[in-house]
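Student: Questions regarding the structure given below will be posed in turn.
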Amino acid sequence: MRKIDIKTTIFEYESLEEFSDEFQVLINEAKNIVKNAYAPYSKFNVGAAVLLDNGKIITGTNQENAAYPSGLCAERVAMFYANSQYPNVPVKALAVCVFTNDHYSESPIPPCGACRQVILETEMRFEKPIQIILAGNKKYTLIEDAKSLLPLHFDDDFFERE
Ligand code: THU
């Protein structure tokens with residue numbers, strides 16, 4: 001038996017001004033779109049903004065449903081829409097924020113496992129790291145690529161190997 005530690009690296013930011021202008025705009029887009037979330041059941045409103053390599057920004061929000069599993073997270077709404085509209089343009093970055101109980105979350109909220117898997121697929125598809133910014137009101141986390149968010153991930157390499 002061998003114990004293997006898997007390390008991952010994240011970056012913490014204390015203010016919006018620490019980011020490049022491009023990322024500040026992206027974070028603000030995620031914050032602005034949160035009002036369009038349809039989350040009557042959880043009241044957990046999530047906004048996501050995808051920055052494409054061509055400079056375009058695509059936004060999305062979580063969309064819930066009375067049949068709960070039919071809903072979809074903001075990250076996947078935005079990623080799938082971006083990939084549908086621009087199937088040949090790599091994704092450069094994704095910013096996510098949460099608004100609940102009448103305020104933006106103070107700390108950064110990490111994406112669920114299913115969203116990580118979808119972000120990873122896009123990263124691998126375009127062979128370009130996707131920077132992920134989790135925007136809290138007082139603190140921000142930046143992760144340099146989807147792989148760092150999903151250690152021990154599954155991908156299509158396993159189809160060929162097995
Ligand atoms: N949600 C997201 O939009 N993104 C995540 O990564 C986590 C969860 C949504 C799904 C659901 O509408 C609500 O937040 C509560 O789970």
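The values are calculated or read from the model by the stated rules, or taken from the named source; none is laboratory data. Predicted, not measured: the structure shown is a model, and the values here were computed from it. Positions of Cβ are generated from backbone atoms using ideal geometry, with glycine treated the same way; all protein chains shown enter the neighbour counts. Heavy atoms of the whole protein, side chains included, go into the accessibility calculation; ligands, DNA and RNA do not. Shrake-Rupley method; radii C 1.70, N 1.55, O 1.52, S 1.80 Å.
Student: Return the FRET efficiency for the residue pair residue 101, residue 148: r is the Cβ-Cβ distance, R0 is 30 Å, and the value is rounded to the nearest 0.05. Present the calculation step by step, with values, prior to reporting the outcome.
Tutor: Working: r = 30 Å, r/R0 = 0.99.
Calculated transfer efficiency: 0.50.
Student: Going through the cross-link list 92/147; 35/147; 35/128; 43/128, which pairs have a Cα-Cα distance over 24 Å in this structure?
Tutor: 35/147; 35/128; 43/128
Student: Go through 41, 117, 72 and say which Cα lies farthest out towards the positive end of the charge dipole of the chain; charges sit on Cβ, +1 for Lys and Arg, -1 for Asp and Glu.
Tutor: 41
Student: Select from the stretch 17-98 those chymotrypsin sites (Phe, Trp or Tyr not before Pro) which occupy a DSSP coil region and have at most 11 other Cβ atoms within 10 Å, ordered by residue number.
Tutor: Values: sites: 19, 23, 38, 41, 44, 80, 81; in loops: 19, 41, 44.
Those that pass, being in a loop and sparsely packed, are 41.
Student: Give me the dipole magnitude in Debye, nearest 20, for the chain about the Cα centre, with unit charges on the beta carbon: positive for Lys and Arg, negative for Asp and Glu. Walk me through the intermediate numbers first.
Tutor: On the way: 16 positive and 23 negative charges, 75 e Å.
Here the size comes out at about 360 debye.
Student: With the other protein chains left in place, how much accessible area per residue, in square angstrom, belongs to the chain at a 1.4 angstrom probe? Let's see the in-between values first.
Tutor: Working: 9390 Å² over 162 residues.
So the chain comes to 58 Å² accessible per residue, rounded to a whole number.
Student: Let me ask you something else. Check residue 93: other-chain or 5+ apart residues with amide H under 5 Å from its amide H, H built from backbone geometry?
Tutor: 51, 131
Student: Take the Cα atoms of the stretch 37-97, build their convex hull, and give its volume per residue in Å³.
Tutor: Numbers: hull volume 4.1 nm³, N = 61.
So the per-residue hull volume is 67 Å³.
Student: While we're looking at this one, here's another question. Just want the answer: with Cβ charges of +1 for Lys and Arg and -1 for Asp and Glu, which residue in 58, 32, 99 is farthest toward the dipole's positive end in the chain?
Tutor: In the chain, that residue is 99.
Student: How large a share of the accessible area of the stretch 10-154, in percent, is made up of carbon and sulfur atoms when the probe is 1.4 Å and the other protein chains stay in place? Could the numbers behind the result be given before it?
Tutor: Details: 3730 of 7310 Å².
In the stretch 10-154, the share of accessible area belonging to carbon and sulfur is 51 percent.
Student: How far apart, in nanometres, would the label points at residue 68 and residue 28 be if each is projected 7 angstrom from Cα along the Cα-to-Cβ direction?
Tutor: It works out to 3.8 nm between the two label points.
Student: If you take the square roots of the eigenvalues of the alpha-carbon gyration tensor of the stretch 55-151 and sort them as a ≥ b ≥ c, do you get rounded (a/c under 1.5), prolate (a/b over b/c) or oblate? Intermediate results must be reported in sequence, preceding the final value.
Tutor: Working: a/c = 1.68, a/b = 1.22, b/c = 1.38.
Oblate.
Student: Another question, if that's okay. Output the direction-averaged projected area (hull surface divided by four) of the convex hull of the alpha-carbon atoms of the chain, in nm². Don't skip to the end; give the middle numbers.
Tutor: Values: hull surface 46.2 nm².
If I average the Cα hull's projected area over directions, I get 11.6 nm².
Student: Follow-up question, since we're still on this one. Count neighbours as other Cβ atoms within 10 Å of each site's Cβ, and list the trypsin sites (Lys or Arg not before Pro) in the stretch 55-154 that are DSSP loop with at most 13 such neighbours. Walk me through the intermediate numbers first.
Tutor: Values: sites: 56, 76, 92, 116, 125, 138, 139, 147; in loops: 56, 138, 139.
Within the stretch 55-154, the qualifying trypsin sites (Lys or Arg not before Pro) (loop, at most 13 other Cβ atoms within 10 Å) are 56, 138.
Student: For residue 18 and residue 127, what is the calculated FRET efficiency with R₀ set at 25 Å and r taken between the beta-carbons, to the nearest 0.05?
Tutor: Efficiency, rounded to the nearest 0.05: 0.35.
Student: Something else: Using +1 on the beta carbon of Lys and Arg, -1 on that of Asp and Glu, and nothing else charged, what's the dipole of the stretch 95-162 about the Cα centre, debye to 20? Before the final figure, lay out the partial values.
Tutor: Working: 7 positive and 12 negative charges, 77 e Å.
Charge dipole of the stretch 95-162: 360 debye, to the nearest 20.
Student: For the stretch 78-107, list residues with backbone N below 12 Å from a point placed 7 Å from the Cα of residue 56 toward its Cβ?
Tutor: So the set is 81-91.
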